[in-house]
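Engineer: This is the structure I have questions about; it appears just below.
The values are calculated or read from the model by the stated rules, or taken from the named source; none is laboratory data. All values derive from a computational prediction rather than experimental measurement. Here Cβ is always computed from backbone atoms with ideal geometry, including for glycine, and neighbour counts include all displayed protein chains. Accessible surface is based on the protein model in full, side chains and every heavy atom, while ligands, DNA and RNA are left aside. Shrake-Rupley method; radii C 1.70, N 1.55, O 1.52, S 1.80 Å.
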Amino acid sequence: MDFTLSSMKKDLLRWMQDPTGILLWIVLPLMIGGMTALLFGGGGGVKPHGVLLIADQDDSLISGLVAGAFSQGELGELISVEKVSVDAGTERINNGEASGFLIIPSGFGAAFFESTPVTLTLRTNPAQTILPGIITDVTEILLDAGFYAEQLFGPEIRAVRTADKKGAVDEVLVSSVAVAVQQKIDSAATRIFPPALDVVIVEPPPTEPAVPLGFLFLPGVILMGMMFAANGLAGDYWTERELGALRRIVFAPSRLMPFLVGKALAAGLVIATIGGLTLFVGFLYLGIAWHKLPASLLWVAVSGIALFAWFGALQMSSSSRRAGNLVTSMLLFPLLMIGGSFFPLASLPNWMAAFGRRTPNGFIADQLSSQITTAGAWSIGAQNWLIVLAVAASGLLVCAWRLQSGFARS
Amino acid sequence: MLVVENLIKQYGDLMAVDNISFEASQGTVFGLLGPNGAGKSTAINCISGLLKATSGRIRVAGFDVQKEGKKARKSLGVVPQELALYEDLPAIDNLRFWGKAYGMRGAELQSRVQDVLAHIGLGDRAGDLPKTFSGGMKRRLNFGCGIVHRPAVMLLDEPTVGVDPQSRERLFEMVEAERNNGTCVLYTTHYMEEAERLCDSVAIIDHGKLISQGTVAELRAQLGARDVLQLSGEFPQASTELAVKNLVESGLSDLEMISQEETSITLTLTSGSQHLPAIFSTLSDAGGKVSETNLRSPNLETLFLLLTGKELRE
Ligand SMILES: Nc1ncnc2c1ncn2[C@@H]1O[C@H](COP(=O)(O)OP(=O)(O)OP(=O)(O)O)[C@@H](O)[C@H]1O
Ligand SMILES: [Mg+2]
């Protein structure tokens, strides 16, 4: 224990001699994250444009008007409507190929005129956030207001459109539109709409609360910093070897594990500091509840140790520092790309996002994302903590084995 | 204190250490002498546990390096041939860290670290980073890191390489201080004058083999009072051989030719300076030309030359 702490202290003292590297690991992700966030909403980048699938089983004048409402005016530029059969629509929404799928049952037109309750089915794409939210809102309004919606809510929809052109469709806007719409409905409903028009949206209930864009970027940006730091710090094994210090460790009677654990703790501390700063800024900026911070921070520290352990194992399994750096940087950037650091996982096609969640950093980011978006102070499941701890421990064991079997000896 | 029995270390076909045995006792400095590639570092690395010996037995302070590795390592202090320091960690923290690595702690460690700092003459640079140190200062700290835990046996692998004369003298004093404290020191070098100055006993190795062993006085005696005469120039082979034979017959009975090449020959004899004129005239009669003469009085260096027919250092 004593030697573990002393090993940790030694590395912290050493790394503090060169704070520029650490600073870089903080600044770089924020810069890249900021830039992609801009690009993402920007005119040249990915523009929120959704596909709404409609299966019109009623095929009446009224149902046609409901379907048409989506493709008219300002809304039409945000959402394109495709008429499909129920089967085709179900398949495509399951594959994540559309933002929403609306089924208008037969008898809708008649029910509308007779003011009897009718059930419409709207399914939204859980992988997307903003467009399904808009579609849900608009559908609800449509179902409440009938085909007057477009005329009635033109200004709000226009607001979404113009904001989109400026590249800033964000959660604030969407929710303010929703509030404005709600207010109009509240004030005008009793006068304009027949009160008996009672339409229900079922299956699924909006699966996901609309997650603000910043929330989507934060975990990826933090993971980028963590990955840079873990990779950079793992190169220190080479430095220690070049300094000859690893050989002295072999001469010494102490075991290698306390030495490695101490080093990993130091790395965890540095990574938690880097991630913690970004977390702090993110919490402040996005207004995330502070009681979610301790678990987020601990998650960052523990996963940081796991990443460091495996980057270290990779470095020590390489034949030279250059080879090690080549291997890790060949892994680093693709992992960051697929793991959601450049483009949030939620913005990727479903299959890609599913794959990204299985990368180490994607997994960590995904858990961190659920930690900061869902209610409760501790949202990461015990089994996920165990997974990360096991990964950290196995990485350190590989490091110990490599040290013993040759890395420290030459 | 340190017992090495039939140590063999093989790299493929190469016998880096070829069946070496020696014993070094408490409060003495034992020198391992040999030219580049003789196997000194290999032997030391087998003792320190850095390398696994192919065969043989090594005991440190009574503990078998293989079977009781941890206890043996605890009694060993190693000063590696290459510097092994955290250059970006203050000198005092280097010493503390290695003290901790050997299980020292608390007040004992703190006071020992202060002692070592004073001993290696770095008391006033304790808080500075070794990367700002001179080569000699780094060497001294490297030495300090090996003695923090008061080892019973010390391994020093060519500690004076690249060290200025002043730091070198300081290092000798530090080694002597350790010896006077009862430490058994194993010291490798290819400087014979270092061995003569520092070592109580010496083993000479070449190509991994032990070729001579004893106290410095014993080895000197083995050499006798013979000088070594090295001549460069032109020496036709057959006639030179004949000339040397003639010289022996004409009264220089202990004259011996150790090595012979077209451009240089090496001879040994007693009172070499008195016989130079006779040697020169006989050689030139035989068609030889002497362009350079080097006469050396007996020391360990010339002993090595006698034993192996070659210089210790090129
Ligand atoms: N890892 C290795 N693999 C193969 N051969 C080696 C290895 N290490 C050393 N040798 C060989 O073993 C022999 C002894 O080397 P060693 O380093 O012990 O010499 P030394 O006496 O310490 O020389 P120096 O005075 O130059 O330090 C040399 O021939 C060297 O080439
Ligand atoms: Mg050597």
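Engineer: For the range B:2-220, give the percent of accessible area contributed by carbon and sulfur heavy atoms, probe 1.4 Å, rounded to a whole number.
Structural biologist: 46 percent
Engineer: What is the diffusion coefficient of the range B:225-297 in µm²/s, taking the Kirkwood radius over Cα pairs and the Stokes-Einstein relation at 37 °C with a viscosity of 0.692 mPa s?
Structural biologist: After rounding, the answer is 278 µm²/s.
Engineer: Taking R0 as 30 Å, what FRET efficiency do you get between residue A:289 and residue A:393 from their Cβ-Cβ distance, rounded to the nearest 0.05?
Structural biologist: Numbers: r = 32 Å, r/R0 = 1.06.
The pair residue A:289/residue A:393 has a calculated efficiency of 0.40.
Engineer: A further question follows. Debye calculation, C-alpha points only, no solvent: report log10 I(q)/I(0) for chain B at q = 0.07, 0.10, 0.12 Å⁻¹, in the same order as the q values.
Structural biologist: One equal scatterer on each Cα of chain B leads to -0.36, -0.65, -0.84.
Engineer: Given H placed 1.01 Å from N in the peptide plane, which residues other than close sequence neighbours of residue B:31 have an amide H under 5 Å from its amide H?
Structural biologist: B:187, B:200, B:201, B:202, B:203
Engineer: Report the charge-dipole magnitude of the range B:2-220 in Debye, nearest 20, computed about the Cα centre from +1 at each Lys and Arg Cβ and -1 at each Asp and Glu Cβ.
Structural biologist: On the way: 26 positive and 27 negative charges, 161 e Å.
With Lys and Arg at +1 and Asp and Glu at -1, about 780 debye.
Engineer: Test of understanding: what is the full-extension gain from residue B:23 to residue B:274, defined as 0.36 nm times their sequence separation minus their Cα-Cα distance?
Structural biologist: Residue separation times 0.36 nm, minus the Cα-Cα distance, leaves 86.3 nm.
Engineer: Quick check of the Kirkwood formula: for the range B:45-137, what is the inverse mean of 1/r over all pairs of different Cα atoms, in Å?
Structural biologist: On the way: mean 1/r = 0.0668 Å⁻¹.
Every distinct Cα pair counted, the radius reaches 15.0 Å.
Engineer: Using 21 Å as the Cα-Cα cut-off, could you pick out the over-long pairs in A:9/B:67; B:9/B:138; A:9/B:100? Could the numbers behind the result be given before it?
Structural biologist: Values: A:9/B:67 32 Å; B:9/B:138 31 Å; A:9/B:100 12 Å.
With Cα atoms farther than 21 Å apart: A:9/B:67; B:9/B:138.
Engineer: Oh, and also: Quantify how strongly other chains surround peptide A:14-20 by giving the mean number of their Cβ atoms within 10 Å of each of its Cβ atoms.
Structural biologist: 2
Engineer: Moving to a separate point now. Considering only B:257, B:273, B:247, whose Cα is most displaced toward the positive end of the charge dipole of the range B:225-297, charges sitting on Cβ of Lys, Arg (+1) and Asp, Glu (-1)?
Structural biologist: Of the options given, the answer is B:273.
Engineer: With unit charges on the beta carbons (Lys and Arg positive, Asp and Glu negative) and the dipole taken about the Cα centre of the range B:5-148, which residue among B:32, B:50, B:75 sits farthest to the positive side?
Structural biologist: B:75
Engineer: How much accessible surface area, in Å² rounded to 10, belongs to the heavy atoms of residue A:352 with a 1.4 Å probe?
Structural biologist: Here the accessible area works out near 60 Å².
Engineer: Just the number, please: buried accessible area between B and A, total of both chains, 1.4 angstrom probe, nearest 100 square angstrom.
Structural biologist: The buried area between B and A, both sides summed, comes to about 2500 Å².
Engineer: Compute the distance from the alpha-carbon center of the range B:131-174 to that of the range B:266-305, in whole Å.
Structural biologist: Distance between centres, Cα-based: 39 Å.
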